[in-house]
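Here is the structure we will look at.
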Amino acid sequence: MERSPLVPDPGSAASSPGLPRNLGLPEYVTRRPSGFYRTLNPATKLAIAALEVVTVFLVPGWLGPIAVLLVLAVVAAASHTARALAVIGLAASPLVISIMVVNLFILPGAVDPIFRAGPIAPTWSGLWFGLLTSTRLLVFSSAVALAYVTTPVDDLLADMSRRGLGRRGVFVVGAAVQMVPRTIERVGEIMDAQRARGMDTEGRIWRRARAIVPLAAPVVFGALTEVEERTMALEARAFTAPGRQTQLRVPADRSRDRALRWAALLALAGVVVLRLSGRVG
Amino acid sequence: MSAATAARTTAAPTIEFEGVSFAYPDGTQALDGLDLRIEPGETVAIVGQNGSGKSTLVKHLNGLLRPTAGRVLMDGEDVRAVHVARLAARVGLAFQNPDRQLCAGSVKAEIEFGPRNLGIRGAELDERVKAALDAVGLAGEVDTNPYDMGYSRRKLLAIASVLAMLTPILILDEPTTGQDARGVARVGSVVAAAAAAGRTVIAVSHDMRFAAECFGRVVVMRDGSVALDGAPAEVFAEPHWPELRAANLEPPLPAVAGARLGLGSTPTDATLVAALVELAPERG
């Protein structure tokens, strides 16, 4: 008789004392993250990220972004995510450059030119404001990205479900969170397919502009088709059936998580109150 | 297709993979020191288990992927330095998933996309579109929106859109997936017609029967290199079954039947029937 995949082979390593018991379950069920930050409950990481974002934007001047940046640097080093955050920072570079250029040259009210060359007059005020805004943007995106790259989407959704978000809400959040990596993957494949049919995506700018429609159409139609297929696949597996769903994996929510979460939420509220009362800024 | 149009298909080059290795950014070693030579006009089926490097291999031919070690040569020229858009004039690749490729609002516009990128216009373009539609049996669908078609017909359309480019090398990635018997036969006839026109045809497939019936050579890949290489009668012969099974492949049914009946290597329906007729001529 064929052995059930859920029953370990008595002679296998999985059944040996002292070794982790992999019962043939999928990796997303048996996965055990390691390290302090990675093992935090997803809701705790979201609360910390929310505090970081509020601090970056509500604490005036450089204090907020620099303080959060230092925290992020320590956590990123400890959780081995520095490289991923650097890539995300690099992806934001076009936006950073445009912020710098706009503020450097046309910051309203700036009257302290660094130099003048005809109509071109970059200002010190514009330079500092551009740097501050860019830093805020990079720290903000890094704070959100850190929570994202250290939290498997399955864990985030399972935790939300456990907290009573409801299966439709969980589906919406899951689809939104997974949309970006899925779209990136799809765009890569579509670009390969169109380049294989002679579409030039590496030539002059007007040639690249012409490539937008052949790239965009399959992305949009593919996404719509996928939504339809996923919806039917969910329905076929009793997604809307009444009754409570079984959770295959529930992320741990330890006392340290609860303490950290409360601390983060209280600190967040404190920053908001101080800002509104005018005690900072 | 007119003789003039057919003549525009330049001669197929010799393809050589010399010690080609390729690793994806996540560290997956997809190709591992692969050596392979494909002569002009050959029909080659590349088979192997999932993750054996089949699709990675063919993407090296049109420069979508560049080897991390080794060289890919076409008529002795290293393709590493050649722009993908230029290689597209020599290598046509129909992707596994048609929905990653189809971008136009009508079947006609979809088929025109590739040839237009190669600079084809006017009567020749019309002729190519008609020939490609005829080849895949979609002649009555000129104005249909591709997204109104079923998966199997979208797949045939994707093949037609590459056929119309008249590249000397034609690559089909999993062309029979989702096709019924008639669709598989249609793809088989596309392969035969392209080969008859002197084009090199390479197909990545999990369909052993299709590989045996429609191709003169079968290359079995395992762990990023070539495990078996030869004519279907050699590759699917009983002594190689352990190697096939090690690559998660099963020999086609006629090969198994022929071996069980002691008829030798009979990888196709035709060879099996011929062997049976020979065995019992009075009933043939």
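The values are calculated or read from the model by the stated rules, or taken from the named source; none is laboratory data. All values reported here derive from a predicted model rather than from experimental measurement. Cβ sites come from the backbone with ideal geometry, for glycine too, and all protein chains shown count toward neighbours. These area figures cover heavy atoms from the full protein model, side chains too; ligands, DNA and RNA do not enter into them. Shrake-Rupley method; radii C 1.70, N 1.55, O 1.52, S 1.80 Å.
A few points about this structure:
- Projecting the Cα atoms of B:Ala246, B:Thr167, B:Gly114 onto the charge dipole of chain B, computed from C-beta unit charges around the Cα centre, puts B:Gly114 farthest toward the positive end.
- Chain-alone versus full-assembly comparison, the range B:86-100, residues with accessible loss of at least 20 Å² (1.4 Å probe): B:Ala88, B:Phe95, B:Asp99, B:Arg100
- Applying the Karplus relation 6.51 cos²θ - 1.76 cosθ + 1.60 with θ = phi - 60° to the range B:171-183 yields 3J(HN,Hα) values of 10, 10, 9, 6, x, 9, 4, x, 9, 7, 4, 5, x Hz, where x marks Gly and Pro.
- Taking amide H positions as modeled 1.01 Å from N, with prolines and chain starts lacking one, the residues under 5 Å from B:Ala45 and 5 or more places away or on another chain are B:Ala203, B:Arg217, B:Val218, B:Val219.
- Solvent-accessible area per residue, Å², over the range A:166-242 with all protein chains present [probe radius 1.4 Å]: 61 Å²
- Probe 1.4 Å, all protein chains present, accessible-area order of B:His206, A:His80, largest first: A:His80, B:His206
- Computed per residue of chain B from DSSP H runs no shorter than four, each worth -39500 (n - 2.57), the mean residue ellipticity at 222 nm is -10500 deg cm²/dmol.
- Most positive-pole-ward Cα, B:Ile15, A:Val219, B:Gly258, against dipole of the protein assembly as shown from beta carbon charges: A:Val219
- Sequence of B:Leu228, A:Leu95 from largest to smallest accessible area, 1.4 Å probe: A:Leu95, B:Leu228
- The trypsin sites (Lys or Arg not before Pro) found in the range A:130-211 that occupy coil by DSSP, while having at most 15 further C-beta atoms within 10 Å, are A:Arg163, A:Arg204.
- Interface of A with B. Using a 1.4 Å probe and counting protein heavy atoms only, the two chains hide about 1900 Å² of accessible surface, both sides summed.
- Taking every Cα-Cα distance in the range A:45-151 and sorting them into 10 Å bins from zero, the calculated P(r) comes out as 15, 39, 28, 13, 4, 0 percent.
- Exposed GluC sites (Glu not before Pro) absent - longest run of chain A, DSSP non-H/G/I/E/B, at most 14 other C-beta within 10 Å: A:3-201
- Delta accessible area of at least 40 Å² on complex formation, residues of the range A:144-192, 1.4 Å probe, chain isolated as reference: A:Glu189, A:Asp192
- Å² of accessible area per residue within chain B, as computed with a 1.4 Å probe and no ligands counted: 41 Å²
- Taking amide H atoms as placed 1.01 Å from N in the peptide plane, the amide H of B:Thr14 lies under 5 Å from those of B:Asp75, each 5 or more residues away in sequence or on another chain.
- Solvent exposure, largest accessible area first (probe 1.4 Å, DNA, RNA and ligands not counted), of A:Met100, A:Met191, A:Met199, A:Met232: A:Met232, A:Met191, A:Met100, A:Met199
- Annotation: amide H of A:Asp112 within the under-5 Å range of A:Trp124, A:Ser125, sequence separation 5 or more or interchain, hydrogens built in the peptide plane.
- Surface composition of the protein assembly as shown: carbon and sulfur atoms hold 62% of the protein heavy-atom accessible area at a 1.4 Å probe.
- Between the range B:50-86 and the range A:201-239, the Cα center-to-center distance that results, in Å: 26 Å
- Table column - 3J(HN,Hα) (Hz), the range A:109-125, Karplus curve with 6.51, -1.76, 1.60, x for Gly and Pro: x, 7, 10, 10, x, 6, 7, 10, 9, x, x, 8, 8, x, 10, 5, 4
- Sites matching trypsin sites (Lys or Arg not before Pro) across the range A:215-275 that sit in DSSP coil, with at most 10 neighbouring C-beta atoms within 10 Å: A:Arg237, A:Arg244
- For the range A:84-154, chymotrypsin sites (Phe, Trp or Tyr not before Pro) are listed when DSSP marks them as loop and at most 12 other Cβ atoms sit within 10 Å of their Cβ; the list is A:Phe115.
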